[in-house]
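The structure appears below as structure tokens.
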Amino acid sequence: MVFIPESPRWLLQHDKRDKARKALVWLRPTQEIVESELDDIQTAIDTERSLAQSVSVWDMFANPIDRRRTLLAVGAVTTQAASGAMYMIVAAIYNANPGTESTGRAIVGLSVIFIMGYNGMVSTYAWLSGGELPSQRLRSYTFGLAAAIGFLGAWLTTFTAPYFINPDSLNWGPKYGYIWFPSCLIAAAFVYFCLPEVKDRTLEEIDEMFEMRLPARKFASYKCVGRHARDQRLDENADTASNSEKVTTEVIEKAA
């Protein structure tokens, strides 16, 4: 951590463009795009500042694009509470051969595999998605909502589990694990069909893809054009229209 530079976005937000450029050069393998990316980040920051005064909580749901991004962030963080796979492991193995040493070893071994997979994939990617998928101007509201709902789900799971397992209550015992099978299926379907892949994308590129209303499965293959490419395309279209008008005017004048 000592050798990693500050975030270029944070440095630009504090008017330290030279340091932001050095940080981005350190982070990017292709340094030719550093200057244009800095301009894109600065434009996004300026836009965010201009809109900051008018942002409210309800903006997370008022616009269809922001509403989609809010629901995705909330859903991504909530997958942690919805996984519950540890209970499923105990239920499936214990019911097959309860009370034996081999069953205990199998539960421990599969639990270790689950913990490695959960901490390496579900847990980490859930929080990354919750922070990267919201729009920049609504990130604090959206991420706060997602975190609150995620912690509520975790608390609900922890609070209710003893009542299902305890012999003096519902007395489900290891069978309690089967209650998480449907939620795991729903979480898996949500991740596959709804959660977009934003690996190696800047926040500006993520904004562009959401504004294009791409399906989640097309995010990975989409080629972003960026602000400069869009501006150049608009200029080319304007030049083409201007030339067309000139040709039309000359034809009319000659005919007259």
Taking the stretch 1-54, the equivalent ellipsoid from its C-alpha gyration tensor has semi-axes in Å, biggest first, of 22, 14, 8
Once normalised by the length of the stretch 57-218, the mean sequence separation of its alpha carbon contacts under 8 Å that are 6 or more apart gives a contact order in percent of 35 percent
Rounded to the angstrom and largest first, Cα extents along the principal axes for the stretch 57-218 equal 56, 31, 20
The stretch 153-197, Kirkwood Rh and Cα Rg, ratio Rg/Rh at 1.15
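The numbers here are math on the coordinates, done by the rules we state, and not lab data. Note that this is a predicted model, so its numbers are computed, not measured.
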